[in-house]
1. To one decimal place, what orientation-averaged projected area in nm² is obtained for the convex hull of the Cα set of region 7-77?
2. Please state the shape class of region 132-218: rounded when a/c is under 1.5, otherwise prolate if a/b exceeds b/c and oblate if not, all from the C-alpha gyration tensor.
3. Normalising by the residue count of region 82-215, find the relative contact order in percent from Cα pairs under 8 Å and 6+ residues apart.
4. Quick check: pseudo-label points 7 Å beyond the Cα along Cα→Cβ at residue 135 and residue 29, how many nm apart are they?
5. Once fully extended, how much extra length lies between residue 196 and residue 100, figured as 0.36 nm per residue of separation less the alpha-carbon to alpha-carbon distance?
6. Compute the angle between helix 185-197 and the longest alpha-carbon principal axis of the chain, please, reported from 0 to 90 degrees and rounded to the nearest 10.
7. Quick one: order 108, 4, 80 by neighbouring beta-carbon count within 10 Å, fewest to most.
8. Would region 130-173 count as rounded, prolate or oblate if I go by the C-alpha gyration tensor, calling it rounded below 1.5 in a/c and otherwise prolate when a/b exceeds b/c, oblate otherwise?
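Throughout, read-outs are computed from the coordinates displayed, never taken from laboratory work. Model, not experiment: these values are computed from the prediction. Counting neighbours? That spans all protein chains shown, and the Cβs are built from the backbone with ideal geometry, glycine included.
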């Protein structure tokens, strides 16, 4: 997944979860943050960030903030829309007969429905942008929606559908995602229930460039 253009900037502050103030070569600009999570360990005043200008008419902000370099040197893609886009590209390389995004199942909309012969699959995608000592954690903020999706996957598995929870790791060098039980213990409980029920948990490792996110696993 590539962005059409990319601009380097310096992060100044984040007044709220939707916007940030940045410096672009001496010019201060208000930009849209494409991640409503906390990202407090990433978006630190003075850090390097990268922006893209979608060119959408009538926007309040010219740029979207999509990537940031953490103080440990690791580059993170923090675009919350990127995981689904990169998984869609990745699934297109797999031998599925059918791939349908945004599939309604039960009381939820699951990210992908796939078919391979007579076998049916449901995949829910979660983007991981929280790294601690080389390990990924999810979520970085409480997510009742995420818990609901896991319960739907458990129901699907019991109904004979292959159920998959896929974590897109939006940074290099991390191969595992653990539940962030300090932030949301219910998510950790739901994940344990899912594993016990036979829901497949995938860790989709990625390579990150300022203007690119690529899944690196087969």
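1. 4.5 nm²
2. oblate
3. After rounding, I find 23 percent.
4. Output for this residue pair reads 3.8 nm.
5. Residue separation times 0.36 nm, minus the Cα-Cα distance, leaves 31.9 nm.
6. 40 degrees
7. 4, 80, 108
8. In terms of gyration-tensor shape, oblate.
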